[in-house]
Amino acid sequence: MAGRVKWVTDIEKSVLINNFEKREWVQVTENDDWNFYWMSIQTIRNVFSVDTGYRLSDDQMVNHFPNHYELTRKDLLVKNIKRYRKDLEKEGSPLAEKDDNGKYNYLGLHTKRCTFNSFNLFNMFPRFFGADFVPVTFMLPADYNLFVEEYRKNPSSTWIMKPCGKAQGKGIFLINKLSQIKKWSRDSRTSTFVAASSGKEAYVISLYIDNPLLIGGKKFDLRLYVLVTTYRPLKCYMYKLGFCRFCTVKYTPSTSELDNMFVHLTNVAIQRHGDDYNHVHGGKWTVSNLRLYLESTRGKEVTSRLFDQIHWIVVQSLKAVAPVMNNDKHCFECYGYDIIIDDKLKPWLIEVNASPSLTSSTANDRILKYNLINDTLNIVTPNGDIPDCRWNRSPPREALGNYQVLYDEEQAQSENAERDLRSRSGQSLGSKGTKGSAGVRPAAATWK
């Protein structure tokens, strides 16, 4: 299509603007005719508001889905995953199997490993992964009685409280006594805890992962970038250049340190204020460095299994929200996934961010985020052309940059149908067939 893309943004970050200017796109204002708007989550609410009645044209694209909060608000994410688990149980999916204690199983992890490009993890190893990938979580104040019941089963446990709609570690604290919640509730009479009916923000309380994998004695988490271009059918990409964020103070489970956020929270917004914060590397490690470290200390097979589990968690979380997501054809979204690994090398999904920070804390950080935006734009606006939402573009492999296709539901369904046809006709599936998985109902899930 002739002409140059007209862009707008209300996020003044150089990694964005430099990418737009590199493509010789033309900057305009939000009141002009625009083609591409990289906007904040506050602005997206206004664009898709019923009150504004604004309708996007086929040549316009924005960087958020209208109700992204179904995935990125902590309370809604938990609600959707719980509903997803129930749906799996109703369908009789092997993913929903539970142990005698009612916990979702994580069976068969010693099984021969699936490679990332396996054609169908469900069919090949139905017990390879489970649905238990989020710590036990309750919404407050609505689930307070349920939380108390769970707490009393293990009164020595530690829990972490988070405001549902905040980021960068704001408002987070740890508790290990019921009296701490009761006191906080009394102190917050005019605040969020008692104000659910008034529309004010609620909290989630989750079982704290008190046995995190430590490196150099310090706790860390993973920040991974995931691009979704459509939810129905689901198509998502994983960025290969994620990173680890380390605490500045060595970890201790001691209750005397529950208030020390430099021990427990990895957010850069918090850690940068610590005395031991390193401004050169920003307390960050690349995912590739983590992988090399784990391969050398735990072995390649175990490490590969861990990353397969992480990829699986991402797909399952997206599948959990896909039915309720407003799959607007004008939208795409780049999410920041936060994952914690425990000392048994089990990954846990902590939260998903709708607007992962584009602020650069180091030189390497700036390069990474510039390339992240560049590769994202190459996928959602192939060749830098004016968007045309009337048809679905699949970028060529060479345009993916550091992204890799994580899940392509449309292709998965096509392959499942072809496999079913071959199976019914008695044709062999070759050395990578589904021997040992007889009786397992085919599922529309495949890695590509």
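The values are calculated or read from the model by the stated rules, or taken from the named source; none is laboratory data. Values in this document were obtained by computation on a predicted structure and should not be read as measured data. All Cβ positions, even for glycine, are placed from backbone atoms using ideal geometry, and neighbour counts span all protein chains on display. We work out accessible area using only protein heavy atoms, side chains counted, and drop any ligands, DNA or RNA first. Shrake-Rupley method; radii C 1.70, N 1.55, O 1.52, S 1.80 Å.
Overall, the accessible surface of the range 14-54 at a probe of 1.4 angstrom is composed of carbon and sulfur to the extent of 44 percent.
Which pairs in the list Lys300/Lys346; Lys82/Lys177; Lys6/Lys319 are over 23 Å apart, alpha-carbon to alpha-carbon? The pairs that break the limit, which is 23 Å between Cα atoms, are Lys82/Lys177; Lys6/Lys319. Label sites at Glu149 and Arg390, each approximated as a point 7 angstrom past Cα along Cα to Cβ, lie 5.6 nm apart. Per-peptide packing, taken as the mean over residues of other Cβ atoms within 10 Å, places 406-414, 23-31, 74-82, 312-320 in the sequence 312-320, 74-82, 406-414, 23-31 from highest down. Checking the Cα-Cα distances for Lys22/Lys235; Lys74/Lys329; Lys22/Lys79 against a 32 Å cut-off, the pairs over it are Lys22/Lys79. Expressed as a whole percent, the accessible area of the range 336-417 that falls on carbon and sulfur atoms is 45 (1.4 Å probe).
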